[in-house]
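Written below as structure tokens is the structure these notes are about.
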Amino acid sequence: MRPLVSVVIPCYGKAKYLKKCIDSVLTQSYLNLEVIISNDGDNSLELEQVLSEIESTDSIFPVKILRITENYGVSHSRNLCIKNSNGVYVFPLDGDDFIHQDCIYELVNVIHNNEQVGVVFPLTAFISQDGKCIPRYDCCYPAGYEILQANHVPSAHLYRKSDWVAINGYRESLKFGCEDWDFNIRMVSLGKQTVRVNKFYLFYRQVMQSRNAKVLADESRRTKIEIEILFTNIDTITTHSNIYRKQFSLKFKLFQKIKDIIVIRYYFWGQYFAIKRTKNKFL
């Protein structure tokens with residue numbers, strides 16, 4: 001029998017899209033799955049109705065729903081789901097995204113019986129809130145470059161639960177984004193390869209936001225988090241950079257972001273002063 005895969009789905013404020021997400025999992029061609037959904041402190045009636053409907057619907061795969069009383073963030077929610085999972089492999093999926101019917105089958109084929117592979121992920125197709133395709137240039141960098149240099153790898157990727165245990169799971173202090181990037185960098189610290197399946201099997205719902213002061217503040221906070229992650233994981237990045245240089249063309253300068261960290265610092269402070277100027281306009 002093929003190894004069990006645990007699909008873990010944290011959900012907060014995504015009731016509108018959750019049914020499509022779950023349907024895409026329950027119709028997978030890979031037939032040894034379990035689904036674990038966590039309500040991450042969302043007390044809305046809409047979400048509870050969707051979860052109740054899922055619970056009352058017969059499925060070929062076991063479905064478990066965890067209800068959390070407070071919103072502790074996606075890292076805590078993912079970790080809780082994985083702690084309650086039984087699978088050999090883990091596949092996290094956000095509640096507003098969905099996947100192609102052959103997604104998990106293809107990912108398992110890459111990682112199974114290949115101990116050198118630690119993470120495998122598909123290409124991402126970006127869609128709007130109403131399901132329309134958003135044209136977007138797909139990064140051509142190799143998988144190792146994507147994980148180590150920037151947050152380009154989707155949170156929906158397949159890995160072994162034993163590796164999740166080895167790196168102590170997702171860092172729960174990262175509540176405001178980039179927790180998946182930090183997780184992926186620490187996965188690289190195990191010395192395994194990351195592999196990209198070049199098929200658009202993940203459909204990522206992208207929310208379009210206006211350029212107001214609040215968004216600028218969020219972007220500045222995100223930049224600060226990214227810098228923190230780069231410095232926190234600097235040993236892993238420096239140790240494994242040569243591995244990826246050997247695998248791919250030298251034109252991919254793996255360490256450009258690290259070498260130019262001072263530029264990132266200037267960018268962060270530029271964002272900070274932009275926020276102050278924006279706020280002053282309304283004072």
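The numbers here are math on the coordinates, done by the rules we state, and not lab data. Note that the structure is predicted; figures quoted are calculated from it, not measured. Quick reminder, even Gly has a Cβ in these numbers, built from the backbone with ideal geometry, and neighbours come from all protein chains shown.
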## Note on the structure
With a Förster distance of 30 angstrom and the Cβ-Cβ distance between K224 and F200, calculated FRET efficiency to the nearest 0.05 equals 0.40
### Task
Principal axes first, then extents: for the Cα atoms of the stretch 1-121, list largest minus smallest coordinate on each axis, whole Å, largest first.
43, 28, 21
### Summary
If the chain between D235 and K175 were fully extended at 0.36 nm per residue, the gain over the current Cα-Cα distance would be 19.3 nm
### Task
Rank these for me by crowding, C21, C133, going from fewest to most other beta carbons within 10 Å.
C133, C21
### Message
Taking 20 Å as the cut-off for C-alpha to C-alpha distance, list the pairs among K16/K224; K64/K161; K132/K224; K64/K199; K20/K132; K175/K224 that go past it.
### Response
K16/K224; K132/K224; K64/K199
### For the stretch 5-205, convex hull of alpha carbons as volume per residue, Å³
113
### Peptide ranges 1-12, 119-130 listed from the most packed, as the mean C-beta count within 10 angstrom indicates
1-12, 119-130
### 18 Å Cα-Cα reach of K192 towards aspartates and glutamates, excluding residues that sit fewer than 8 places from it in its own chain
E115, E146, D163, D180, D182, D235
### Query
How many nm is it between the label spots at E70 and V165, if each spot is 7 Å from the Cα in line with the beta carbon?
2.9
### Query
Given H placed 1.01 Å from N in the peptide plane, which residues other than close sequence neighbours of I65 have an amide H under 5 Å from its amide H?
I37
### Query
What order, most packed first, do the peptides 49-58, 100-109, 161-170 have when packing is the mean number of other Cβ atoms within 10 Å of each residue?
100-109, 161-170, 49-58
### Message
Just to be sure I understand the model, the point goes 7 Å from the Cα along the line to the Cβ. What's the resulting E53 to L123 distance in nm?
### Response
3.2
### Query
If we count other beta carbons within 10 Å of each Cβ, what is the order of T27, T232, T223, T194, fewest first?
T27, T232, T223, T194
### Task
Please list 68-78, 34-44 highest first by mean number of surrounding beta-carbon atoms within 10 Å per residue.
34-44, 68-78
### Message
At R0 = 51 Å, how high is the FRET efficiency between D130 and M1 if r is their beta carbon distance? Nearest 0.05 is fine.
### Response
0.80
